[in-house]
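Comments concern the structure below.
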Amino acid sequence: MRLLKTGRWITVVGLSLLAAVYVRALAFTPVERTQGVAQKIFYLHVPAAIWTETGMILVGVASIFYLFLKDPRLDRFAEASAEVGMLFGTIVLTTGPIWGKPIWGTWWTWDARLTLTLLLFLMYVGYLLLRGAVTEPGLRARYAAVLGISGMCLVPFVHLSVYMFRTLHPQPIVLKPSAPSLPGAMLATLAFSFLVFTVLYVGFVTQRYALTLLREQTEPHA
Amino acid sequence: MPENTPYMVTAYIITAAILIGYAVFLYRRTLKP
Amino acid sequence: MPDVWRHAWLLARKDLLIEFRSRTAILSAVVFTILVLLVFNFGRDPTAVAAVDLAPSILWVTFTFAAMLALNRAFQLELENQALDGLLLAPVSRSSIYLGKLMANLVFVATVEGIGLPLFALFFNVSVVPVLGPLCAVIALATVGFVAVGTLFSAMTGRTRFAELLLPVLLLPFMLPPLIWAVLATSALLAGRPLSEVVGWLRLLAAFDIVFVTLAFFLFPATVNE
């Protein structure tokens, strides 16, 4: 199947480029002064977080279009995006605490990114569980769409409340993970990493979509 | 700070494991006839 | 009064009549609330932690459980005797079914909260009366928030295999934000903070309610249309 092959190639390219990111981040990017080597986790953590959130927004958008157009391709895409989004969420939720421990002395902190990603992760889990619990394809697609749209609408509220929480409880400025003004070399590494995560997202979603299509083709509907 | 290195290494390994693991998972799932 | 609201009210009345005639659900919810409050009360060391510090969290855990109880049975009435089909054939819009369910659920949860709040004030010796107005506003707004989303989701989970397990899982990420805002607002009110500090949370809660009730109103038909 051509879609599957394309997906596989994109993924292979993505993984190869990931190796390049690793090399660049570890060997060719300056070490941050206050946080030391642990700061390099940032180059994986941030792009993964961006895609965790974007994945959910795409699930929501695809769901809206699905409810109007009833095109099963949109439903397949939503399912794929949810699974891949959850995967990236796992990366954020594991690298986050690992980064937090040496820097802030604690495994978990309620900072903006981790809190949002935790909620997104829970939404993804719910979304996939709901899909798993409904056997009839048409019903499953509709229910998933309702949940997906609701999830997407929740995201701005989480951003808002994290912002409000921060204005009430000011966080230490010195060791903030998302330094707004990064030196050029670090910014370049981050941008490169983000590009690679984008390629991986596309590759994974394409394959996952193809997988669903394959399953539908080999198993005739009941 | 050299003492941070284990954390960084762990995080990098876990990330790679998750991504490569999923790629392998997809590859095997799509091989079945 | 536009049809949507009239039909919704009729449907809500029907549910409430059934509910209050048998009284089992409301009684079990109230008993459960008392149980939770008692457990929290005996579970803490009064010399170590002041009631006022824990109170907001305890109050909201209790209310959340009550809401979950209400939502779990929300569409159960319709599952029996295929009553849902009957409802769908009736000349009412799908959205009024949602509003009717929402209203019935809100009355149910409000009743439990109405009993729970005085009991809470009594058991934990928390003076609620000075801030009763704003506190009721917080409770009302937060409750509308989770019940609105919960009613929509319970329409979907009702027919699945692990309905009682799936609903809380789906609902969790949606309940967390309003719950957190409600706890923070309650905490501020009980600690005697000025109202200006609480207004922000009230606005967030109100915005959440408006967005999600509207969203659910438009999405509900997708959960029942064949």
Number of the exception - residue C:175 against (1) at pLDDT 90 or above; (2) over 27 Å from residue A:140 (Cβ atoms) = (2)
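Pick out the one residue from C:215, C:171, C:184 that is more than 16 Å from residue C:143 (Cα to Cα) and crowded, with 17+ Cβ neighbours inside 10 Å. Spell out how you get there, then give the answer.
Details: C:171 fails: more than 16 Å from residue C:143 (Cα to Cα); C:184 fails: more than 16 Å from residue C:143 (Cα to Cα).
None of the others qualify; the one that does is C:215.
From the list C:155, C:121, C:110, which residue is modelled with pLDDT of 85 or more and under 23 Å from residue C:54 (Cβ atoms)?
On the way: C:155 fails: under 23 Å from residue C:54 (Cβ atoms); C:110 fails: under 23 Å from residue C:54 (Cβ atoms).
Going through C:155, C:121, C:110 in turn, the sole match is C:121.
May I ask you to list the residues in the stretch A:17-29 that are in a helix (DSSP H, G or I) and within 18 Å of residue A:48 (Cβ to Cβ)? Step through it out loud before you land on a result.
From the stretch A:17-29, those in a helix (DSSP H, G or I) are A:17-27; that's our starting set.
Residues satisfying the conditions are A:17, A:18, A:19, A:20, A:21, A:22, A:24, A:25, A:26.
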ask   = more than 15 Å from residue C:70 (Cα to Cα) and assigned to a loop (DSSP other than H, G, I, E, B) - does that describe any residue in the stretch C:127-134?
value = yes
key: Pair list, Cβ under 8 Å, 6 or more apart: the stretch A:63-80 residue free of Cβ contacts under 8 Å to residues at least 40 places away in the same chain, other residue of a type in the set (S, T, N, Q)   = A:74/A:63
ask   = So residue C:132 fits all but one of (1) touching a residue at least 60 places away in the same chain (Cβ under 8 Å); (2) surrounded by fewer than 24 Cβ atoms within 10 Å (Cβ to Cβ); what number is the exception?
value = (1)
ask   = Across the stretch A:95-140, what is the total count of residues that are over 13 Å from the mean Cα position of the chain (by Cα), without any contact (Cβ under 8 Å) to a residue 40 or more places away in the chain and closer than 23 Å to residue A:41 by Cβ?
value = 8
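The values are calculated or read from the model by the stated rules, or taken from the named source; none is laboratory data. Quantities reported herein were computed from a predicted structural model and do not represent experimental measurements. FYI the Cβ positions are ideal-geometry reconstructions off the backbone, even for glycines, and counts take in every protein chain you see.
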